[in-house]
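Taken together, the values in this text are just the output of simple stated rules run on the coordinates, not laboratory data. All values derive from a computational prediction rather than experimental measurement. With ideal geometry, Cβ positions are generated from the backbone for all residues, glycine too; neighbour counts draw on all protein chains shown.
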Amino acid sequence: MTAHDHEHDHPELQLVDGDGGGCGDGCACGEEYVTGLDPALAALLEEAGLDPVEVEDIATLALAEDLAGGEDVTSVATVPEEAVATADFTAREAGVVAGLRVAEAVLSLVAEEEFSVERHAEDGDRVEAGQVLLSVTTRTRDLLTAERSALNLLCHLSGIATATRAWVDALEGTGAVVRDTRKTTPGLRALQKYAVRAGGGSNHRMALSDAALVKDNHVVAAGGVAEAFKAVRDAYPDLAVEVEVDRLDQIQPVLDAGADLILLDNFSIPELREAVALVAGRAKLESSGGLTLAEARAVGETGVDYLAVGALTHSSPILDIGLDLRG
């Protein structure tokens, strides 16, 4: 059992002096944000590669959207103020769970009194229908107020992790890796890409500044594939550069220019095999464009290094998880 103490109803972000920054390297405010989350929970989020401040921001926004400046009128009317209960987050179907600590963060922002959690599963675990994932004991009103916001995030992230694991399973033994794209919901990219990792997949770039990806519109603007690659390499000599091609004849010029990774857009499986033979290990290859789970293994067996699947983050159905008060 883990207890969390809360000294105020809804902790806000606070400014403190210190080195480093929750604001990010580009922030000009000169201050550091710290999270109001329980330190032990914040540490768990950091271990998972998540920024506790960002998680708290998302959780706060979700709750603010649900409460709309008011209160949970149904729970206030039907539940005595001092009533305490234990509730279980329970999987309604089999899948892979992700976002359990995020759900805890939502609960912690609502809980007006000390609350305890009992953790029965960890992110990345395969779970079965009926399996209890997390048990929480606190004021009944707080449980009910936080329920939907916590479940919205937990079900969504678990759906992404579940979908990702299906691709990972399909590619097992091929040497190919499934990874996401920037086709993410605004404000949720870090969480959605975390869910991909929880499902066993890999992340592509988190932002436009992480690495260069020369796509069709860059090619048009620069006057050609090789020209676009050279322009990026000249401007950012130390940055990894990936170049998108949609024809086999575009590969050799990009390869000769020194591309680190070549994205093969909408190539057929025979064309992918031909591209792999042409490149012969001189650059990493990524298959992209309309890939389906049914053909995932066949694509992986062509010898490409990556399969880019935007659907992981933009189209995965939720994993059905419920919150049940114990009687």
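For the chain, what does the alpha-carbon gyration tensor say about shape, rounded, prolate or oblate, given a ≥ b ≥ c as the root eigenvalues, a/c under 1.5 as rounded, and a/b over b/c as prolate? Note, shape of the chain comes out prolate.
Comparing 303, 199, 223 in a Gaussian network model of the chain, where Cα atoms under 10 Å apart are tied by springs, the biggest mean-square fluctuation is seen for 223.
Could you compute the net charge surrounding residue 304? Neighbours are other residues with a C-beta less than 10 Å from the C-beta of residue 304; K and R count +1, D and E count -1.
Working: positive: 273, 284; negative: 286, 301, 305.
Here the charged neighbours net out to -1.
So, counting K/R as plus one and D/E as minus one, what does the shell of residues with Cβ under 12 Å around residue 271 add up to?
Details: positive: 247, 273; negative: 246, 249, 265, 274.
Cβ neighbours under 12 Å give a net charge of -2.
Working from label points 7 Å from Cα in the Cα-to-Cβ sense, the residue 298 to residue 74 distance is 4.7 nm. Net length available on complete extension from residue 86 to residue 217 is 41.7 nm, with 0.36 nm assigned per residue and the Cα-Cα distance removed. With a ≥ b ≥ c the root eigenvalues of the C-alpha gyration tensor of segment 168-314, is it rounded (a/c under 1.5), prolate (a/b larger than b/c) or oblate? Oblate is the answer for segment 168-314, as a/c is 1.5 or above yet b/c matches or exceeds a/b. About its Cα centre, the dipole of segment 160-307 is roughly 560 debye, where the only charges are +1 on Lys and Arg Cβ and -1 on Asp and Glu Cβ. For residue 232, the shell of other residues with beta-carbons less than 13 Å away shows a net charge of -3, using +1 for Lys and Arg and -1 for Asp and Glu.
Note on the chain: with charges restricted to the Cβ of Lys and Arg (+1) and Asp and Glu (-1), its dipole about the Cα centre is near 1560 debye.
Think of segment 168-314 as a dipole: +1 on every Lys or Arg Cβ, -1 on every Asp or Glu Cβ, centred on the Cα centre; then among 287, 240, 221, 240 lies furthest on the positive end. Taking Cα atoms only, the orientation of helix 52-67 departs from the longest principal axis of the chain by about 60 degrees. Between segment 145-215 and segment 261-327, the alpha-carbon centres lie 12 Å apart.
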